[in-house]
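The values are calculated or read from the model by the stated rules, or taken from the named source; none is laboratory data. Remember, predicted model here, so these are calculated numbers, not experimental data. Cβ placement follows ideal geometry from the backbone for every residue including glycine, while neighbour counts extend to all protein chains displayed.
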Amino acid sequence: MGEISERSAVRRLCDRLGFGPAPGELDAGFEATLARLLSTAADAATTPPPVLTPPQPTKAPKEKGAKKKGADEDKTAADRAARKAANKARAAQEARLIGWWLDRMVASDRATERLTWFWHGHFATSNQKVRSAPLMLAQNQIFRTNARGSFTDLAQALVVDAAMIRWLDGNDNRKGSPNENLAREYLELFTLGIGHYAEVDVFEGARALTGWTVRRTSAKAVFVAARHDAGEKTILGKSGEFGAKEFVDLALAKPESAEFVIGRLWFRLVSSTPPSPETVRRLVAAYGSNRDIGAVLKAMVAEAAFRDSTSALVKQPVEWAVGLMRALGIQPAKLDDKTRMVLLAGLRGMGQLPLRPPSVGGWPSGASWLTTSAGVTRLRLAQLLARKAELGQLQKSSARVDGVRALLGVDAWSTRTKDALAGLTDPAQLTAVAACAPEYVVSG
């Protein structure tokens, strides 16, 4: 246990509030780097989102005048073909959306994109069930717009978000027949945490959320008054004719909510060791009544724990891959189609593909990413990316091992890693193996 160096603190800042340092970024001081990451100026990643339109309906049109049996057979075959075409179109749109987002992550020089990724894991929503890239894009833009603003605004936007409603069965939630999925997860995973609400709050919360519906061709959720339960409800000790907005306000007003949200940010961005009670008090004060995400981030990195050598975090596969591309100067949009698909396959093989969290609880953390199979996939992906990079500076044998250390922004190699790298003469293979070393895979 001890305090890391200033340069190491800058690297950690780049890892935790960004996706790792790009060449030259470690030369700036801690305060200058923090100011850049939290700047409200326009991000360098300005690529506009792809234009996505929902695939055509999958049912084939009826044909008049055909014999019934033949018509039924033709219709069944046409339906199958239409479904296949629609599924293919959905998959292509999802791949385009993921590619666009990865491109933004690599190009971004602000904390906004890193926080967009964090909120995707916090309000985890999977396109496996949503089945609509346009709805996932709309949710992604909500994360980006509110990434480091007010958590109140973010939470209010997400409770009536179309992708979220589809994901957590909001369409099945109607007056007289409440579906509790969205209300339960909103309290347990998004705003309060286990133990800070009762079953009656889930049931009454579900009643408050009735009425919000996503139609098949809708770009966003709509409120249908006839489906809404307008009666009095009692939620978290308060009674009234509550709707979706009041449900969120009641959850956020509980003192446990601030500590829960701050704890989730801390766990993913600072340390797996929970903050001390004194630290929590300071962070809650920074969060304030406006629930200011940017202010609490600034307060977090000012805590001693942020510079503690024990506050190491294993990089998630997306963070690792994006950080490697930033270090190597690789822009996903400039890769050929085959390489981009291999990149997505590599992320899937490591267990983390954007837009596809495994559950509403999001992705795991820590050593769960360090399996043997994930390690094999990581090396293959590192080899692919390294072959796409310009590595002429690593040709000189005398400086090769130290050169790849500087390229990846690693503070120092252990003796074991240094020995393993010393025997590698091909720059691409050297870079790939170095990118899979513990000193790079773990954000120390």
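Any residue that is surrounded by fewer than 14 Cβ atoms within 10 Å (Cβ to Cβ), touching a helix residue (DSSP H, G or I) at 6+ places or on another chain (Cβ under 9 Å) and not in a loop (DSSP other than H, G, I, E, B) - is there at least one of those in the range 263-283? No, the range 263-283 contains no residue that is surrounded by fewer than 14 Cβ atoms within 10 Å (Cβ to Cβ), touching a helix residue (DSSP H, G or I) at 6+ places or on another chain (Cβ under 9 Å) and not in a loop (DSSP other than H, G, I, E, B). Summed over the range 219-229, the residues that are in a loop (DSSP other than H, G, I, E, B) and either without any contact (Cβ under 8 Å) to a residue 24 or more places away in the chain or closer than 12 Å to I165 by Cα (or both) give a count of 3. One residue alone among L343, L353, L391 is over 22 Å from R96 (Cα atoms) and surrounded by 13 or more Cβ atoms within 10 Å (Cβ to Cβ), and that residue is L391. For the residues T425, T415, T431, T377, the requirement of being free of Cβ contacts under 8 Å to residues at least 40 places away in the same chain, surrounded by 15 or more Cβ atoms within 10 Å (Cβ to Cβ) and assigned by TED's automatic domain parsing to the domain that holds G346 singles out T377.
For the structure I just gave you, tell me whether A155 is of a type in the set (A, V, I, L, M, F, W, C) and surrounded by 19 or more Cβ atoms within 10 Å (Cβ to Cβ). Yes, satisfied.
For every residue, the table says whether it meets (1) among the polar types (S, T, N, Q); (2) within 13 Å of D161 (Cα to Cα); (3) surrounded by fewer than 24 Cβ atoms within 10 Å (Cβ to Cβ).
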site	(1), (2), (3)
A107	no, no, yes
A111	no, no, no
F118	no, no, yes
G121	no, no, yes
A124	no, yes, yes
K129	no, no, yes
L135	no, yes, no
R144	no, no, yes
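Among the helices (runs of 4 or more DSSP H) contained in the range 94-183, which hold 3 or more residues that are of a type outside the set (A, V, I, L, M), touching a His at 6+ places or on another chain (Cβ under 9 Å) and outside the structural domain of P354 (by TED's automatic domain parsing)? Steps first, answer last, please.
Working: elements: 111-122, 127-130, 133-145, 151-159, 162-167.
By residue number, 133-145.
Which ones in the range 247-262 are touching a helix residue (DSSP H, G or I) at 6+ places or on another chain (Cβ under 9 Å), of a type outside the set (D, E) and without any contact (Cβ under 8 Å) to a residue 40 or more places away in the chain? Correct list: L250, P255, A258, I262.
I'm checking my understanding of the structure. Among residues of the range 389-418 that are part of a loop (DSSP other than H, G, I, E, B) and aliphatic (A, V, I, L, M), which one is nearest to A22 (Cα to Cα)? Explain how you work it out, then say what you get.
So in the range 389-418, the residues part of a loop (DSSP other than H, G, I, E, B) come out as 389-391, 395-396, 409-414.
Narrowing further to those that are aliphatic (A, V, I, L, M): 389, 391, 410, 412.
Working: A389: 14, L391: 15, V410: 12, A412: 17 Å.
Applying the filter and picking the extreme gives V410.
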